[in-house]
1. With the full set of protein chains in place, find how many percent of the accessible area of the chain is carbon and sulfur; take the probe as 1.4 Å.
2. Across the stretch 9-15, in residue order, what do the Karplus-derived ³J(HN,Hα) couplings come to in whole Hz, using 6.51 cos²θ - 1.76 cosθ + 1.60 with θ = phi - 60° and x for Gly and Pro?
3. Mind giving me the nanometre distance, one decimal, between the label points for Ile233 and Thr184, set 7 Å out from Cα along Cα→Cβ?
4. Around Phe238, what is the net charge, scoring Lys/Arg as +1 and Asp/Glu as -1 over all other residues with Cβ under 14 Å from its Cβ?
5. Using label points projected 7 Å from each Cα along Cα→Cβ, tell me how many nm separate Lys226 and Lys4, to one decimal.
6. What are the chymotrypsin sites (Phe, Trp or Tyr not before Pro) within the stretch 113-142 that DSSP puts in a loop, where the Cβ has at most 10 other Cβ atoms within 10 Å?
7. Give me the net charge of Ser205's neighbourhood, meaning all other residues with Cβ under 12 Å from the Cβ of Ser205; Lys, Arg count +1, Asp, Glu -1.
8. Would you kindly state how much longer the chain becomes between Ser63 and Ser39 on full extension, computed as 0.36 nm times their sequence separation minus their alpha carbon distance, in nm to one decimal?
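The values are calculated or read from the model by the stated rules, or taken from the named source; none is laboratory data. Since this is a predicted model, take the numbers as computed values, not measurements. So basically every Cβ, Gly included, is an ideal-geometry build from the backbone, and we count neighbours across all protein chains shown. Ligands, DNA and RNA are excluded from the accessible area calculation, which covers all protein heavy atoms including side chains. Shrake-Rupley method; radii C 1.70, N 1.55, O 1.52, S 1.80 Å.
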Amino acid sequence: MANKLELMTGAEAIRSGLILASKKINNILLISEGVADPSSFYGTTKDLNNWYDKKQIIEMPLSESALTGISIGAAINGMRPILNFHRVEFALLAMEQIFNNAAKASFLSDGKHKVPFVLRMVIGRGWGQGPAHSQSLENVFASVPGLKIVMPTFPSDTKRLLLGSIIDNNPVLILEHRWCHYLTEKVETGYHFEKLNTGPKKLSSGNDYSIISSSYGTVEALQAVKILKNYKIFIELFDLRI
């Protein structure tokens with residue numbers, strides 16, 4: 001039977017993935033500031049209380065370092081926590097936990113301790129955000145051994161990579177550009193995950209130049225590829241993703 005496709009935004013694809021994960025994986029914890037507020041983390045956590053047991057959802061106080069530490073401890077002890085920060089800058093308050101505990105626990109224990117921990121963060125410019133809430137700090141995290149960094153662009157990739165991140169036994173940081181939440185694409189409705197070892201995705205072929213991009217930069221790069229094609233300039237474009 002062919003997989004059913006449904007038009008979704010990036011935010012809807014994330015929500016779909018979280019719902020499917022709740023059915024497949026029993027040991028998930030969902031932790032967020034304002035998990036039930038009207039914005040519902042850009043719509044990604046809307047009504048998830050209908051799918052998750054109330055013991056699986058934690059309304060997070062304004063204590064990023066503490067909740068990150070709790071998530072890491074829960075992961076080491078067999079849970080699969082998904083911690084949500086509305087802005088990447090909030091993770092700056094939990095750097096010691098991320099860099100010294102999440103990233104290093106497996107190495108320091110010679111592989112005895114696994115840290116299947118997902119940290120979702122929003123990056124990029126947006127209305128009213130200002131310089132303190134519109135940064136893209138992926139390079140900071142990518143420089144730390146032990147962390148996996150995921151930066152999805154399009155809804156179908158976003159859903160598959162989210163599900164792949166949840167089942168991965170390492171700490172995974174997912175950086176979601178706020179504008180990618182509004183991109184639309186036909187997405188498989190079933191439970192389909194992508195392992196985090198597949199690397200970049202080739203989006204266009206060309207012999208003139210190569211562009212390696214990520215997140216919302218890929219959307220803008222695609223526009224450039226289309227325009228330059230009219231001038232007989234053909235670009236090879238890769239979406240970095242992982």
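1. The value for the chain is 55 percent carbon and sulfur by accessible area.
2. Per-residue couplings from phi come out as 7, x, 5, 5, 5, 5, 4 Hz.
3. Each label point lies 7 Å from its Cα, and together they span 3.1 nm.
4. Result for the local shell: 0.
5. 3.0 nm
6. Trp127
7. 0
8. 6.6 nm
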